[in-house]
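Novice: Handing you this structure, nothing more for now.
All of the numbers you see were taken from the coordinates with simple rules; none came from a lab. Bear in mind the structure is a predicted one, so any value in this text is a computation, not a measurement. Positions of Cβ are generated from backbone atoms using ideal geometry, with glycine treated the same way; all protein chains shown enter the neighbour counts.
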There are 2 protein chains.
Amino acid sequence: MALPKLRSSLPSIRTPNFWFLLTIQEKSQLTENVLIVGSMALDDVKTPFGEIKDALGGAAVYSSIAASYFAPVRIVGVVGNDFPEEHVAFLSSRNVDLKGMQRAEGKTFHWAGYYDFDLNQAHTLETHLNVFQQFRPVIPQEYRSSKYVFLANIDPELQLQVLDQVDKPKLTVCDTMNFWIDTKKEALLEVLKRVDIAFLNDAEARQLCGTTSLVKAAYKLCEIGPKMVVIKKGEHGALMIANGTYFSAPSYPLEEVIDPTGAGDSFAGGFIGYVAGTDDISHDNLRKAVVFGSTIASFNVEDFSLRRLSTITRKEILDRYNEFRRIAFFE
Amino acid sequence: MALPKLRSSLPSIRTPNFWFLLTIQEKSQLTENVLIVGSMALDDVKTPFGEIKDALGGAAVYSSIAASYFAPVRIVGVVGNDFPEEHVAFLSSRNVDLKGMQRAEGKTFHWAGYYDFDLNQAHTLETHLNVFQQFRPVIPQEYRSSKYVFLANIDPELQLQVLDQVDKPKLTVCDTMNFWIDTKKEALLEVLKRVDIAFLNDAEARQLCGTTSLVKAAYKLCEIGPKMVVIKKGEHGALMIANGTYFSAPSYPLEEVIDPTGAGDSFAGGFIGYVAGTDDISHDNLRKAVVFGSTIASFNVEDFSLRRLSTITRKEILDRYNEFRRIAFFE
């Protein structure tokens, strides 16, 4: 049996490639800003491939750097006086506006955890909220009209405070985690009623909806509130589901995942960054955004902390996006 | 936020639709036959949605009926003298040639099992091999030149006996199960060396290759022998992997699975049936075959035994195939 390679029947990409050719400065003139609120952290992470200590992390940081490949970012979070100036300089250099970053007396939020060979499951060793314990998000006046808002994984009560401070964004997206389903379910349900798109992983969707069927869970979530649900399935890709529409995105076939920390954050950040960068919330464009988010997340897990996430080139992003297209293609 | 429905940007289907318009008799003139060897059974199955007793089943039966939607089938298996004549008549009526079906003194192979609400896992209550214990596949002379051969899930030693009796098929596909990985690994590895495409589910691929990474498992399997591996992932769809190519097919979003028995068999049967019906082993066509296999399997699990599998219309198949295209579509 001779198996020919995939024919050239794959239609050529219709993504606005021109956008990738712009410099960050040019882009900041052209595209909408993304407002991102969430944790900024220093993490200790151990995986079968090594370990790092006090490395830059946090949901808002991962998602901001991911989004910054597509649009200028405004970050709202808090750091302690141990937060290295090099991290501040790095974020600024990536067109992440820091006017909304609070500096508080004390230590930065610190997470320590490890992953076994089954890299799907994070095991938490320590969580020190530190300055995050007293954090109340204050959205600077000039941020309040941001058309694109991402509520990264934090206490849903804080997410509600953010929603109270912004003026009718064009698109509001939230993320969450099992901890808030266990401890702040009512507030989380209130957030879900007020956002356009909710991101959850498969276990969280099943837990929140009390069903083993992901399909049922997704439809139930859409009944609760958000117009759309994006379910992250790790090595199985992602689903984007709304009333009447269903999109299944593949995952990228990585042989080695070095450090899964921030995969979900960089996925959501890449998603909203791409939507803001193109300022297009059509269903077709949201599908592309899911795949650009998957693309960014697939790079993120190739190294510890933000090492890989911070060094991706535009050519690498487009090449891998096209690989995703080949992976999913059939006529 | 207004979310428009998917634009009409989905390219029109290039599947050879004409084929669906032919009658079974016309098709038998035009297309290649599929030879299918495996179990023919009477099953007791219980799921949260009901139960059936002594219902038609077996890997060769499910895969033959699935394949029969696309090409004429030649079945090789064994039944006992309790096998109802109505099942024989049913198979004949579906253009399944029964010259290779042996009738033996004793009872037909019998499986009894149940599924909990997590319908991914079958729990076996009883397996009575009965006449299957003495079964030795004998391939009738006129079947030996079949261009398409499917070794459904049976003892790999019997699969090897089939391979010894056929003349250079154009495409040979095998399926297996965890039981043979545990008890007949050497014979199974020998089968894998001699077939073109191996079908396994995700747990079997991980078990056989000793790795949690499906990607690593798939590449390792391709090193063992088959030119391609198809990994069935249930609610997460399927992967088709060869050296240098990687295809991810979505699953169909069923809210209720009534009876998962035969899902893998009907998937593989639909796959090889479509390839034989089109007589085209190009990579693009194999991708379509994976999706047609998924289409048939998604119908099969909508009811017990072969109730749904035996009543699908051509229009339903094409409509659902097009739904799969919409589910996976992005530009």
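Novice: Once you place label points 7 Å from the Cα toward the Cβ at A:GLU323 and A:VAL138, how far apart are they in nm?
Specialist: Distance between label points: 4.5 nm.
Novice: Could you check the spin-label model distance between A:GLU157 and A:ASN81? Points 7 Å from the Cα along Cα→Cβ, value in nm.
Specialist: About 2.7 nm, to one decimal.
Novice: Suppose the Debye formula is applied to equal point scatterers at every Cα of chain A; what is log10 I(q)/I(0) at q = 0.12 Å⁻¹?
Specialist: Once normalised to I(0) and log-transformed, intensities are -0.79.
Novice: Another question about this same structure. Given R₀ = 30 Å, what would the calculated FRET efficiency be for B:ARG103 paired with B:GLU256, taking r from the Cβ atoms and rounding to 0.05?
Specialist: 0.20
Novice: List the distances, in nm and shortest first, from the label point of B:TYR114 to the matching label points in every other copy, placing each point 7 Å from Cα along the Cα-to-Cβ direction.
Specialist: 4.1
Novice: OK, next. Using only Cα atoms, tell me the angle between helix B:185-194 and the longest principal axis of chain B; keep it within 0 to 90° and round to the nearest 10.
Specialist: Compared with the principal axis, the helix lies near 60 degrees.
Novice: Quick check for you: which residues of the range B:57-97 have the amide N under 15 Å from the point 7 Å beyond the Cα of B:GLU316 toward its beta carbon?
Specialist: Answer for this model: B:65-70.
Novice: Here's another thing I want to ask about it. Hey, what did chain A get for relative contact order, percent, Cα under 8 Å, at least 6 apart?
Specialist: Working: 688 pairs, mean separation 57.2, N = 331.
Value for chain A: 17 percent.
Novice: Take the rotation relating chain A to chain B, measure from its axis to every Cβ in chain A, and name the nearest residue with the distance in whole Å.
Specialist: Result for the axis mapping A onto B: A:HIS236, 2.
Novice: Right, something else. B:LYS53: which lysines have alpha carbons under 26 Å from its alpha carbon, excluding same-chain residues fewer than 8 sequence positions away?
Specialist: Cross-link targets: B:LYS107.
Novice: Just the number: Rg to Rh for the protein assembly as shown, Cα atoms, Kirkwood Rh, two decimals.
Specialist: Rg/Rh: 1.02.
Novice: In the range A:195-291, what % of DSSP beta bridges are antiparallel (nearest 5)?
Specialist: The antiparallel fraction comes to roughly 65 percent.
Novice: Can you give me the C-alpha center-to-center distance between the range A:251-329 and the range A:90-127, rounded to a whole angstrom?
Specialist: 19 Å
Novice: In chain B, what % of DSSP beta bridges are antiparallel (nearest 5)?
Specialist: The answer is about 40 percent antiparallel.
Novice: Taking Rh as the Kirkwood radius computed over C-alpha pairs, what is the Stokes-Einstein D of the range B:194-290 at 4 °C in a medium of viscosity 1.567 mPa s, expressed in µm² per second?
Specialist: The estimated diffusion coefficient comes to 93 µm²/s.
Novice: If you don't mind, another one. I want to verify a result. In a Gaussian network model of chain B, Cα cutoff 10 Å, which of these has the top mean-square fluctuation: B:CYS222, B:CYS209, B:CYS174?
Specialist: Ranking B:CYS222, B:CYS209, B:CYS174 by mean-square fluctuation puts B:CYS209 first.
Novice: Top mean-square fluctuation among B:VAL73, B:VAL34, B:VAL131, Gaussian network model of chain B, C-alpha springs under 10 Å?
Specialist: Most flexible of the set in this elastic network: B:VAL131.
Novice: Taking the 0 to 90 degree range and rounding to the nearest ten, how far is the long axis of helix B:214-224 tilted relative to the main principal axis of chain B, both from C-alpha atoms?
Specialist: 50 degrees
Novice: If you restrict to DSSP beta bridges whose two residues both lie in the protein assembly as shown, what percentage is antiparallel, to the nearest 5?
Specialist: Details: 44 of 108 bridges.
The antiparallel fraction comes to roughly 40 percent.
Novice: Given N residues in the range B:83-176, what is Rg(Cα) / (2.2 N^0.38 Å)?
Specialist: Working it through for the range B:83-176, the quotient is 1.27.
Novice: Roughly speaking, what is the stretch gain from B:HIS128 to B:LYS53, that is 0.36 nm per residue apart minus the C-alpha to C-alpha distance, in nm to one decimal?
Specialist: Using 0.36 nm per residue and subtracting the Cα-Cα distance, I get 25.6 nm.
Novice: Tell me the net charge near B:GLY264. Cut-off is 12 Å between Cβ atoms, B:GLY264 excluded, with +1 for each Lys or Arg and -1 for each Asp or Glu.
Specialist: Every neighbour counted, the sum reads -2.
Novice: Per-residue mean of other chain beta-carbon atoms within 10 angstrom of the beta-carbon, peptide B:250-260? Walk me through the numbers on the way to the answer.
Specialist: Working: counts 9, 5, 3, 10, 3, 6, 3, 2, 0, 0, 0.
Taking the mean over all residues of the peptide, I get 4.
Novice: Also, quick follow-up: Per the helix-only calculation at 222 nm, which mean residue ellipticity applies to chain A, given -39500 (n - 2.57) for every DSSP H run of n ≥ 4 and division by its residues, nearest 500 deg cm²/dmol?
Specialist: The helix-only estimate for chain A comes to -11000 deg cm²/dmol at 222 nm.
Novice: Of all GluC sites (Glu not before Pro) in the range B:78-169, which ones are in loop regions per DSSP and have a Cβ with at most 11 other Cβ atoms within 10 Å?
Specialist: The qualifying sites are B:GLU105.
Novice: Please report, in debye to the nearest 20, how large the charge dipole of the range B:192-251 is about its Cα centre when each Lys and Arg carries +1 at its beta carbon and each Asp and Glu carries -1 there.
Specialist: 160 debye
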